[in-house]
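To start, the structure under review is shown below, and the notes come after it.
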Amino acid sequence: MIGTVLCYVLLPAAWLFRALRDAFFTCRKNVLLAKSTSTQIEGVFATTRGESVPEEQEALLQQWVEEGAGNLPATESAPAVGNVSVTLTSDWLEGSELLMTSLSDLNLAPKVTQCAGQQLTELHTLASSEPQDPAVTEVAKLPAEEAVAAAGSDPRAPVVPQTDHQIVGCATVDVQNEDPAVLAWSLACDAETVPMGPPAWPIQDMVQFCPLPTEVPYHEILWRDWEDLSVQPSVLEQVAKNTPLFEFRVMSYNILAQDLVEQSPDLYLHCHADILNWNYRLPNLLQEIQHWDPDVLCLQEVQENHYWEQLEPAFREMGFECCYKRRTGTKTDGCAVCYKHSRFQLISLNPVEYFRPGLDILNRDNVGLVLLLQPLLPEGLDLEAVSPLCVANTHVLFNPRRGDIKLAQMALLLAEIDKIAKTTKGSYYPVILCGDLNSVPDSPLYKFIRNGELSYYGMPAWKVSGQEDFSQQLYSRKLPAPLWPSSLGITDNCQYVTLCQPKKLDRRKYSRDFLLQFRFCDVACERPPLLVLLEGVTDAKPGINGRFFLTRESPGLILMKMSSSGIIQHGLNLTSVYSHFLPQRGCPEVTTMPMGLGATVDYIFYSAEPVENGNRGGECRRLYRDGALKLLGRLSLLSEDVLLLANGLPNPFCSSDHLCLLASFGLEISSL
């Protein structure tokens with residue numbers, strides 16, 4: 001019967017035919033919704049959440065025609081948009097505290113119905129110009145919101161928010177204050193639009209994003225648990241000693257600069273334009289930060305004009321003091337570190353610029369920030385009862401092929417941390433290092449930070465970060481030794497030359513020319529008996545091309561030879577807050593999802609105490625335990641398959657292409 005009816009539809013455009021077919025299915029579904037409970041409908045339409053089944057649609061259409069759609073009593077008509085919106089709002093608010101999306105403009109849904117009426121009028125005008133049979137005429141009797149769902153949308157595409165360019169002429173809608181995510185959710189449930197398939201992914205051989213079924217709210221998919229780590233033995237031991245802790249939270253977040261979105265639109269083809277708009281993303285980001293309420297906030301990709309005009313004033317209202325460093329050159333974004341002025345007092349601020357003119361190894365515009373903060377204790381406790389805290393934030397170069405630059409940038413940052421965090425006794429204050437390092441876990445760069453040592457000589461540059469595999473290329477850049485020139489003034493221990501040597505009195509002054517005379521004397525060329533033999537390093541005598549540098553240190557002149565062993569080290573003893581693996585799901589954690597592929601590139605490292613004999617087998621992998629700075633908890637990360645269900649990043653509820661990292665720490669308060 002349904003085939004006979006559709007044969008009489010003489011419409012010139014195929015899209016209108018599909019729209020009318022889906023209108024019948026939508027109308028029938030709304031009739032069932034009016035007659036049945038949500039539990040019953042859930043069972044009936046459970047199979048339609050993915051690919052729509054034509055046979056099921058045909059059966060429902062046939063049943064609808066036989067019963068007669070126009071014979072329903074008034075009490076069984078489809079629910080109005082306004083009523084449904086109110087119901088959805090109450091349900092959606094249950095998870096909104098983790099979704100961080102504004103709900104202030106839900107009352108705008110009835111206004112959109114007026115605009116939908118205009119689109120329905122245009123549909124009637126178009127349809128009236130062609131011959132129609134009685135079945136087509138029934139579509140004109142559908143409610144406005146159902147007709148719009150039937151005629152104004154592609155059944156293969158996910159429901160998208162209504163914006164100013166989509167509803168031209170509807171002056172009643174305040175687009176500036178409209179919340180596209182909430183509005184899209186309301187309209188999707190009103191019209192009961194079921195996506196028929198995933199949107200076309202523009203890049204071949206790449207994971208396709210699937211639109212989220214409208215029956216499932218985002219907050220259920222993107223739920224992140226808080227992991228309480230205060231039951232660890234080190235923390236329990238501290239509690240047993242009745243030693244108080246200064247507790248604070250640290251967040252690291254790459255918030256995605258708007259200029260970078262507009263410069264690389266191909267990376268966000270899976271996103272609707274409205275959720276990429278800064279006026280939509282900004283409230284989401286601020287609400288997320290305000291919800292988790294960190295005491296120290298480290299941000300990357302902070303656009304300069306947005307920082308001064310919007311972010312910095314908003315953070316001040318939240319009680320933050322802020323520090324900002326824009327990338328050098330023509331770049332418009334940078335890094336920011338904000339701290340609660342009620343919890344910390346600034347001791348020193350040191351911005352770090354990685355660009356050094358004339359050095360190919362440091363010719364990029366990335367930056368970092370290093371702060372030394374003094375925790376503020378309650379009245380009655382001396383400030384000296386708790387150690388200062390060094391906080392560093394950076395965004396390392398992205399280019400997967402230039403691991404040599406990434407390594408040099410990290411060495412510069414570690415040298416700055418070494419200078420700021422070192423005490424007068426030679427030890428270090430507790431250190432927290434945050435940032436987007438554009439390197440995956442267990443890559444050489446990651447191991448260098450965590451293990452404190454890396455043998456890099458001859459390593460392919462692409463291998464340093466582990467982002468991509470270029471091993472099939474005929475030629476690949478290899479890391480030389482030394483990695484950076486002596487003029488940089490950084491040793492292989494990632495320390496400034498002027499600070500790594502203790503000052504000694506009674507040192508005689510010698511001229512440079514006098515000292516250079518002894519470079520190739522017999523004593524200098526004699527091999528020390530206890531020198532470890534390293535092929536290509538210590539098996540050769542010094543030559544004319546040996547690298548030396550002079551550094552003036554009062555009151556004498558010191559001659560030092562730049563180490564060229566191809567090994568760099570640091571002594572900060574840093575370990576990661578996250579384990580980078582989800583044992584309950586058996587898959588890796590991810591912090592970002594470029595081009596549909598999940599990866600971890602964002603980190604929070606913190607100071608810990610190494611465990612003796614902690615190396616596992618042949619690997620140089622240190623084991624740590626908490627020291628004065630204790631990890632109390634962290635916000636769990638998500639897996640790649642979970643983010644795929646939410647159409648990747650960004651999406652209507654996560655307004656960046658990175659997930660935020662959040663950790664809770666406790667700093668020992670000594671009793672004076």
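The values are calculated or read from the model by the stated rules, or taken from the named source; none is laboratory data. Note that the structure is predicted; figures quoted are calculated from it, not measured. Every residue, glycine as well, gets a Cβ built from its backbone with ideal geometry; the counts of neighbours run over all protein chains shown. Surface accessibility is based on the protein's heavy atoms, side chains included, excluding ligands, DNA and RNA. Shrake-Rupley method; radii C 1.70, N 1.55, O 1.52, S 1.80 Å.
Relative contact order (percent) for the range 563-605, with alpha-carbon contacts under 8 angstrom and 6 or more residues of separation? Please list the in-between numbers first.
On the way: 34 pairs, mean separation 14.3, N = 43.
33 percent.
Simple spin-label model, 7 Å along Cα-to-Cβ: S471 to N279 in nm?
With each label placed 7 Å out from Cα toward Cβ, I get 5.1 nm.
Heavy atoms only, probe 1.4 angstrom, no DNA, RNA or ligands counted: give me K425, K331 ranked by accessible area, highest first.
Result, largest first: K425, K331.
Mind ranking D382, D333, D513 by accessible surface for me, highest first, 1.4 Å probe? Before the final figure, lay out each step's value.
Values: D382 80, D333 5, D513 110 Å².
Solvent-accessible surface, decreasing: D513, D382, D333.
Using the crude model of +1 on Lys and Arg Cβ and -1 on Asp and Glu Cβ, and no other charge, please compute the dipole size for the range 236-367 relative to its Cα centre, in debye to 20. Intermediate values should be presented prior to the final figure.
Values: 12 positive and 19 negative charges, 88 e Å.
That gives a dipole near 420 debye.
Using alpha-carbon positions, what is the distance between the centroids of the range 243-259 and the range 308-384, in Å?
Spelled out, the Cα-based centre of one part sits 12 Å from the other.
Return the whole-Å distance between the Cα centroid of the range 286-304 and the Cα centroid of the range 415-471.
Cα centroid to Cα centroid, the span is 24 Å.
With a probe of 1.4 Å, find how much accessible area the range 418-506 has per residue, and write the answer as a whole number in Å². Show your work: numbers first, answer last.
On the way: 4410 Å² over 89 residues.
Value returned for the range 418-506: 50 Å² of accessible area per residue.
Modelling each spin label as a point 7 Å along the Cα-to-Cβ direction, I'd like the V523/R625 distance in nm, to one decimal.
About 4.7 nm separates the two model spin labels.
Report the label-to-label distance for N363 and F398 in nanometres (one decimal), using points 7 Å from each Cα along the Cα→Cβ vector.
According to this spin-label approximation, the distance is 2.0 nm.
Could you tally the net charge around N393, taking each other residue with its Cβ under 12 Å from the Cβ of N393, Lys/Arg +1 and Asp/Glu -1? Don't jump to the answer; show the numbers that get you there.
Details: positive: K325; negative: E301, E416, D436, D602.
Around N393, the surrounding residues sum to -3.
Which pairs in the list K422/K447; K422/K478; K340/K406; K325/K425; K325/K463; K447/K630 are over 26 Å apart, alpha-carbon to alpha-carbon? Numbers along the way, then the final one.
Numbers: K422/K447 22 Å; K422/K478 33 Å; K340/K406 31 Å; K325/K425 31 Å; K325/K463 29 Å; K447/K630 21 Å.
Flagged as over cut-off: K422/K478; K340/K406; K325/K425; K325/K463.
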